[in-house]
Amino acid sequence: MTRGKQKIEAQRRNAERNQKPKGSQLEARAVALKVSCPICKNLTKSSKVVLAGNVKITECFRNGDVETARCIFHEMPKKNLVTWNCMISGYVRNNKLSEAQEVFNIMPKRNVVSWSALLNGYAKCGLLCEAQELFDRMPERNTICWNSLISGYLNHEEFGKARECFCKMPKRNSISWAIMIRGYLQQGLLTEARELFDQAPDKSTSLYNALLSAYVEWGCMEDAHSLFSEVPQKDDATWTTMITGFSRVGEMEHARRLFEEMPGKCMEAYTAIIWGYMQSGDVKSAQTLFDELPSKDVVLWNTIIGGYVQNKMFGVALKHFMEMPVSDIWSWNLILLGHVQERDMVKAFNFFLKMPERDQTSWNTIISGYQSEEALVLFSQMIKDGFRPNQTTFTTVISICAALASLGWGMALHSWSIRSGYEYDTKVRSSLITLYAKCGLLAEAHDLFHSMSKQDTIAWNAMIVGQAYNGCPEEAFKLFRSMIQFELNPDHVTFLGLLTACSHNGLLWKGLEIFSSMQALWKLTPKVEHYNCVVDLLGRSGQLKEAYEFIRQMPLCIPIYTWETLLGACRLHGNMELAEMVARKILSFKPSEGGAYVALSNIYASKGIWEDASRTRSLIKEHGARKDQAYSWIEIKGRTTVFVCSDKSHPQMMDIYRELDSLSVIMEEALIPI
DNA sequence: ATAGGGTTAG
């Protein structure tokens, strides 16, 4: 550091000695003696050398090679003002602000470019006070300086100051307008942006595209479409943005029409519309367009693979993955996600190990597949491998902690997330709300919710689900009503929370009402989970026949666990005939499902039909089925204690069973007949 | 041909 300073200082003195007086003398003599004088030749030669050096330095900085740039600079026998300016801007480009500042301080002569390069550095780093101060001290200001300052304010959420500068600046050019309009767009102030846009003297296509993108992002497709028709020189991005927009809102007819009208369709446009078809579940149209293209890039391949994964057609996704000539980490991550979605964690993990490289997404994906302590073990491994948890990591792992009711880990992750800068992140916070609610700490959940700057649907959902789990259905409904008042749209998860609230509290009619309002009032098509909730609700209430009928009328593919829900209800209400039928149904799909045999056997046993009970049990062995040992656990002060049926190995065994007995008595007394 | 402001679609 000090040696570097010394070197620069030496260079500066050299530069002072060599440049100024001699330069002017030489120039004078060059004019006097006209060409062909040896000194003049030297001058031309040396200025050529300086120029070459400047080009080299700039190139190195652009490639991020700061060291080489520095070396060239130090070894240059002659430098000019541009050389020094190259150093400032190069350092700024590579986020070496103190070095840039140093160069600025010791350079022999400065011009407006030197000042504005440093100003830009301050602005980029968010040192806005310093930037403003420098700006005020500048001997000369031009539009570029104003633009830098405004851009700095906009990039660091000093929107008001940026506006003030924009109004105050003596002269604006097209870039000033573009900066300011993009500033408004970033703030989501679309109306204001549009007003400014209409006033702007000349607009590049890229600025049109920026406004279009914003409309698309906010789903304002009417505005987007009318602006689109006004774009004088539409480029590929203009068309692609529009196609993406219609794809996003699911208006595939519009997307298709635009795509057909588009002259010289670029690959990005193909990607956009294929993505749209995949989103809308129109796998066939997507595939047809994909096949139409003779050459495809990785992004397009990934779009088609991701589409198949999303549409739960993992086999086809895998086939494409095998066929693609070059894959990147994105492709690998998609297939990894596919394995995880298939709930085949053995394959997923093997695939994970086989990956040529792993990034944060790979880790997040594999971790999300485990709903157990294994997730936490992998999380630790991820940290050991040098990855830093990001937003997705935190939400994933905290959600798993919530599912495990693992308060110790959850709280550790909570503080870690704050230290990592996610204190005010709504997604992380929502997962924390779920965690605390799940662990019964409703006050903490409440605090986290109310201290949010703005609660989104996810946060409201977390609260609703939390109340549902804690046996407070009325609170859940109340939250739902408030949420509506705040003009937030409920989504699938919201209704899952409400239905859970009903099924956990035996609110049959309320639940059915919510289920039907979901589609009729809120235009949300129920998913399997919602149907399952209703089956649970009917089953728990003893409406077994109705539950059975309800399943038979489900418009979706019926997963095994729906039947298992009904089987559980049959056990609860001792309906042996239905139980037997359901259990057989489950076993016909999955003969290795030990749980169904056990349930069946238990039903026979409870009715005293011992022969059938033991016959069922022996069937388990015959089919090689096994039932995983069920267990529960509790975490106290970071130590986890596992409870397995009739286990007597715990040192405090006597105390535990005594507590259990007294709890049983309390529960019997509190039992409300359903 | 070299230095300062904004663009980079899926």
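Could you tell me whether A:ALA255 is within 30 Å of A:THR365 (Cα to Cα) and crowded, with 20+ Cβ neighbours inside 10 Å?
When the stated conditions are applied, A:ALA255 does not pass them.
Inside the range A:312-337, can you point out the residues that are over 14 Å from A:TRP301 (Cβ atoms) and in contact (Cβ under 8 Å) with a residue 12 or more places away in the chain? Lay out the reasoning, then the answer.
Taking the range A:312-337 and keeping what is over 14 Å from A:TRP301 (Cβ atoms), we get A:312-315, A:336-337.
Of everything in the range A:312-337, those that are over 14 Å from A:TRP301 (Cβ atoms) and in contact (Cβ under 8 Å) with a residue 12 or more places away in the chain turn out to be A:LYS312, A:MET313, A:PHE314, A:LEU336, A:LEU337.
Could you tell me how many of the residues in the range A:225-239 are open to solvent by less than 20 Å² (accessible area, probe 1.4 Å) and either in contact (Cβ under 8 Å) with a residue 60 or more places away in the chain or within 12 Å of DNA strand B (Cβ to nearest atom) (or both)? Spell out how you get there, then give the answer.
Within the range A:225-239, the first condition is being open to solvent by less than 20 Å² (accessible area, probe 1.4 Å), and the residues that meet it are A:227-228, A:231, A:238.
Those still in the list that are either in contact (Cβ under 8 Å) with a residue 60 or more places away in the chain or within 12 Å of DNA strand B (Cβ to nearest atom) (or both) too: A:238.
Looking only at that region, the number is 1.
Mind checking which residues of the range A:184-211 are among the small types (Gly, Ala, Ser) and either at pLDDT below 90 or buried (at least 18 other Cβ atoms within 10 Å of the Cβ) (or both)? Walk me through it before giving the result.
As a first pass, look at the range A:184-211 and keep what is among the small types (Gly, Ala, Ser): A:188, A:193, A:200, A:204, A:206, A:210.
Selection gives A:GLY188, A:ALA193, A:ALA210.
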Specify the residue that is nearest to the chain's Cα centre (by Cα); the eligible residues are those in the range A:61-111 that are surrounded by fewer than 16 Cβ atoms within 10 Å (Cβ to Cβ) and among the β-branched types (Val, Ile, Thr).
A:THR68
Looking only at the range A:216-236, which residues are part of a helix (DSSP H, G or I) and in contact with a Phe, Trp or Tyr (Cβ under 9 Å, 6 or more places away or on another chain)?
A:VAL216, A:MET221, A:GLU222, A:ASP223, A:ALA224, A:HIS225, A:LEU227, A:PHE228, A:GLU230
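Could you check how many residues of the range A:364-376 are open to solvent by 50 Å² or more (accessible area, probe 1.4 Å) and outside any loop (DSSP other than H, G, I, E, B)? I'd like the intermediate steps shown before the answer.
Within the range A:364-376, the subset open to solvent by 50 Å² or more (accessible area, probe 1.4 Å) is A:371, A:373-374.
If we keep only those that are outside any loop (DSSP other than H, G, I, E, B) as well, we get A:373-374.
Count: 2.
Just for the range A:61-70: of the residues that are more than 13 Å from A:LYS96 (Cβ to Cβ) and part of a helix (DSSP H, G or I), which one is farthest from DNA strand B (Cβ to nearest atom)? Let's see the steps before the verdict.
We begin by selecting, within the range A:61-70, every residue more than 13 Å from A:LYS96 (Cβ to Cβ); these are A:62-63, A:68.
Cutting the leftovers down to part of a helix (DSSP H, G or I) gives us A:62, A:68.
Working: A:ARG62: 8, A:THR68: 16 Å.
Looking at residues that are more than 13 Å from A:LYS96 (Cβ to Cβ) and part of a helix (DSSP H, G or I), I get A:THR68.
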When the residues of the range A:449-487 are narrowed to those that are outside any helix (DSSP H, G or I) and more than 24 Å from A:THR396 (Cβ to Cβ), which ends up most open to solvent (accessible area, probe 1.4 Å)?
A:GLU487
Residues of the range A:71-108 being among the charged types (D, E, K, R), more than 10 Å from DNA strand B (Cβ to nearest atom) and without any contact (Cβ under 8 Å) to a residue 40 or more places away in the chain, in sequence order, are A:GLU75, A:LYS96, A:GLU99
Quickly run through the range A:508-529 and pick out the residues that are crowded, with 20+ Cβ neighbours inside 10 Å and modelled with pLDDT under 90.
A:PRO526
Report every pair of residues separated by at least 6 positions or lying on different chains whose Cβ atoms are under 8 Å apart, first residue within the range A:166-185 and closer than 12 Å to A:ILE144 by Cα and of a type outside the set (Phe, Trp, Tyr), second more than 6 Å from DNA strand B (Cβ to nearest atom) and part of a loop (DSSP other than H, G, I, E, B).
A:SER174/A:ALA200; A:SER174/A:PRO201; A:SER174/A:ASP202; A:SER174/A:LYS203; A:SER176/A:MET169
Which of the residues spanning the range A:222-276 are of a type in the set (Ser, Thr, Tyr) and closer than 19 Å to A:ASP291 by Cα?
A:TYR270, A:THR271
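Could you grab me the full set of residues in the range A:147-156 that are in a helix (DSSP H, G or I) and either near DNA strand B (Cβ under 8 Å from one of its atoms) or open to solvent by 60 Å² or more (accessible area, probe 1.4 Å) (or both)?
Kept after step one, since they are in a helix (DSSP H, G or I), are these residues of the range A:147-156: A:147-155.
Answer for the range A:147-156, where residues must be in a helix (DSSP H, G or I) and either near DNA strand B (Cβ under 8 Å from one of its atoms) or open to solvent by 60 Å² or more (accessible area, probe 1.4 Å) (or both): A:ASN147, A:SER148, A:SER151, A:ASN155.
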Quick count over the range A:151-168, residues being in contact with a Phe, Trp or Tyr (Cβ under 6 Å, 6 or more places away or on another chain) and closer than 22 Å to A:SER206 by Cβ, is 1
Within the range A:157-183, the residues that are in contact with a Gly (Cβ under 9 Å, 6 or more places away or on another chain) and either within 12 Å of DNA strand B (Cβ to nearest atom) or open to solvent by less than 20 Å² (accessible area, probe 1.4 Å) (or both) are A:ALA162, A:PHE166
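Does A:PRO591 fit the bill of being surrounded by fewer than 16 Cβ atoms within 10 Å (Cβ to Cβ), touching a residue at least 24 places away in the same chain (Cβ under 8 Å) and within 23 Å of A:SER618 (Cβ to Cβ)? Give the steps one after another, and end with the answer.
On the way: surrounded by fewer than 16 Cβ atoms within 10 Å (Cβ to Cβ): yes; touching a residue at least 24 places away in the same chain (Cβ under 8 Å): yes; within 23 Å of A:SER618 (Cβ to Cβ): yes.
Yes: the conditions hold for A:PRO591.
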Listed residues A:SER331, A:SER295, A:SER285, A:SER327; which is under 25 Å from A:ILE367 (Cβ atoms), within 16 Å of DNA strand B (Cβ to nearest atom), of a type in the set (Ser, Thr, Tyr) and open to solvent by 20 Å² or more (accessible area, probe 1.4 Å)?
A:SER327
Take the residues in the range A:123-136 that are more than 11 Å from DNA strand B (Cβ to nearest atom) and in contact (Cβ under 8 Å) with a residue 12 or more places away in the chain; name whichever of them is surrounded by the most Cβ atoms within 10 Å (Cβ to Cβ).
A:ALA131
Members of the range A:547-576 that are surrounded by 16 or more Cβ atoms within 10 Å (Cβ to Cβ) and of a type in the set (S, T, N, Q)
A:THR562, A:THR565, A:ASN575
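Among the residues of the range A:248-268, write down those that are within 8 Å of DNA strand B (Cβ to nearest atom) and either within 20 Å of A:GLU222 (Cα to Cα) or outside any helix (DSSP H, G or I) (or both).
In the first step, residues of the range A:248-268 are kept if they are within 8 Å of DNA strand B (Cβ to nearest atom); the result is A:266-268.
Correct list: A:CYS266 only.
Restricting attention to the range A:212-223, and to residues there that are hydrophobic (A, V, I, L, M, F, W, C) and more than 12 Å from DNA strand B (Cβ to nearest atom), which single residue is most open to solvent (accessible area, probe 1.4 Å)? Break it down into steps so the answer makes sense when it comes.
Here is the first cut: in the range A:212-223, the ones hydrophobic (A, V, I, L, M, F, W, C) are A:212, A:214, A:216, A:218, A:220-221.
Adding the requirement that they be more than 12 Å from DNA strand B (Cβ to nearest atom) leaves A:218, A:220-221.
Working: A:TRP218: 152, A:CYS220: 39, A:MET221: 12 Å².
Per the stated criteria, the residue is A:TRP218.
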Residue list for the range A:378-434, filter: in a loop (DSSP other than H, G, I, E, B) and free of Cβ contacts under 8 Å to residues at least 40 places away in the same chain
A:ASP385, A:GLY386, A:PHE387, A:ARG388, A:PRO389, A:ASN390, A:SER420, A:GLY421, A:TYR422, A:GLU423, A:TYR424, A:ASP425
If we scan the range A:545-560, do we find a residue that is closer than 28 Å to A:THR616 by Cβ, in contact with a strand residue (DSSP E or B) (Cβ under 9 Å, 6 or more places away or on another chain) and assigned to a helix (DSSP H, G or I)?
yes
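The values are calculated or read from the model by the stated rules, or taken from the named source; none is laboratory data. For clarity, every value in this text was computed on a predicted model and none was experimentally measured. Note that each Cβ is placed from the backbone with ideal geometry, even for glycine, and that neighbours are counted across all protein chains shown. All accessible areas refer to the heavy atoms of the entire protein, side chains included, with ligands and DNA or RNA removed. Shrake-Rupley method; radii C 1.70, N 1.55, O 1.52, S 1.80 Å.
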